[in-house]
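Enquirer: The structure under discussion is supplied below as structure tokens; questions concerning it will follow.
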Amino acid sequence: MSSDLDALTRVVYGEARGESDEGKKAVAWVVINRSNKSGKSIKDEATKKSQFCCYKGEMTKESKEACEKIAQDAINGKNSDPTGGATFFYSGNNTPNWAKNLQPCATIGGHKFFKGIAPYQ
């Protein structure tokens, strides 16, 4: 059974492994912000169907340790939310339909972050 820490570590790796530590923190905080708003566990939000890439394979020891530290620090509130409360993000050049006509609250690395979107308003 996966824990909150394991699930968040896998999302950070799956969604932001090519990003800076700040980018990885931002992805972790989106999951935590969703958890805080929904009242569900971090694991429940991280593994919600069709929401995040929760990496299923084996990570290198170094990658796992780095992503796990970022996830643990975010869970423990040892770092601040660089997104200002975002609950959604996307990466890449193709804007998804839900983000059309919306202004990101933060852009960090290759990710654009958004807040105030249902159901996490």
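Enquirer: Search the range 95-121 for residues being touching a residue at least 40 places away in the same chain (Cβ under 8 Å) and part of a strand (DSSP E or B), and hand back the single one that is surrounded by the fewest Cβ atoms within 10 Å (Cβ to Cβ).
Expert: If we take residues in the range 95-121 being touching a residue at least 40 places away in the same chain (Cβ under 8 Å) and part of a strand (DSSP E or B), then ALA106 is surrounded by the fewest Cβ atoms within 10 Å (Cβ to Cβ).
Enquirer: Considering only the range 88-121, state which residues are at pLDDT 90 or above and of a type in the set (A, V, I, L, M, F, W, C).
Expert: Across the range 88-121, the qualifying residues are PHE88, PHE89, TRP98, ALA99, LEU102, CYS105, ALA106, ILE108, PHE113, PHE114, ILE117.
Enquirer: Kindly evaluate THR87 against the criterion of being closer than 21 Å to TYR120 by Cβ and in contact with a strand residue (DSSP E or B) (Cβ under 9 Å, 6 or more places away or on another chain).
Expert: yes
The values are calculated or read from the model by the stated rules, or taken from the named source; none is laboratory data. Since this is a predicted model, take the numbers as computed values, not measurements. Cβ sites come from the backbone with ideal geometry, for glycine too, and all protein chains shown count toward neighbours.
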